[in-house]
Amino acid sequence: MAGVAVGHPTSCRARRPVSDAATAARPGGWSRPRNDAAVASGWCWSDAWFFEAVAWAESADAGADLGQVIAAGDIINHAVLGRDEIDGAVHRLVGAGLVEVVARRFTLTARGHALRRPSERVGVYERMNWLDAQLARLPIADVDVGWTLGEDEWRTACDSYQDRFWTAYRRHSGRGRP
């Protein structure tokens, strides 16, 4: 498929308008408006979601592991990034020079920080839509970025996140897992 990085198993066909019922269920009525420019360019809203999750999760000296990025993504969107969403986002974002993966840890590049900087003073929902529009302006590199995410690695990262969540929950609430 044109616009999808070499070795990338999926496209952004999952991007679709949010129904009125789903919009009403979001805090403050926030929705993911369909960005036709992003869809046409091959970028996905989940690319902006993953990008922002890396920004929230990374540490200055070590980046973030996949479990930390998944946790940040859940905080941002109250959902867990799927394996295909992560795999596709990494290919597109690394190919565009916005994210770097070293030893399976994620960091924003200088170019990624520069892209995000103008949106740092707005709320997360506005930032996500702004980032989605900014990504739509960028070409998608048709290169093999040398990274794949297998089902087992994704499940292990989700399990790691879940374990950290329940440990923190028990520590702060004094309760066990429901």
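Of all trypsin sites (Lys or Arg not before Pro) in segment 64-165, which ones are in loop regions per DSSP and have a Cβ with at most 12 other Cβ atoms within 10 Å? Present the calculation step by step, with values, prior to reporting the outcome.
Numbers: sites: 83, 92, 104, 105, 111, 116, 121, 127, 137, 155, 164; in loops: 104, 121, 137.
Taking segment 64-165 and a limit of 12 other Cβ atoms within 10 Å, the loop trypsin sites (Lys or Arg not before Pro) found are 104, 121, 137.
What residues have an amide H closer than 5 Å to that of residue 141, excluding those fewer than 5 places away on the same chain, when H is modeled at 1.01 Å from N in the peptide plane?
Correct list: 96.
Given segment 33-173, what whole percent of its Cα pairs are spread farther than 23 Å?
Details: 3018 of 9870 pairs.
In whole percent, the long-distance tail amounts to 31.
Only the coordinates and a few stated rules stand behind these numbers; no lab work does. A quick note: this is a predicted structure, and the numbers were derived from the prediction, not measured. Ideal geometry is used to build each Cβ from the backbone, glycine not excepted, and the neighbour counts take in all protein chains shown.
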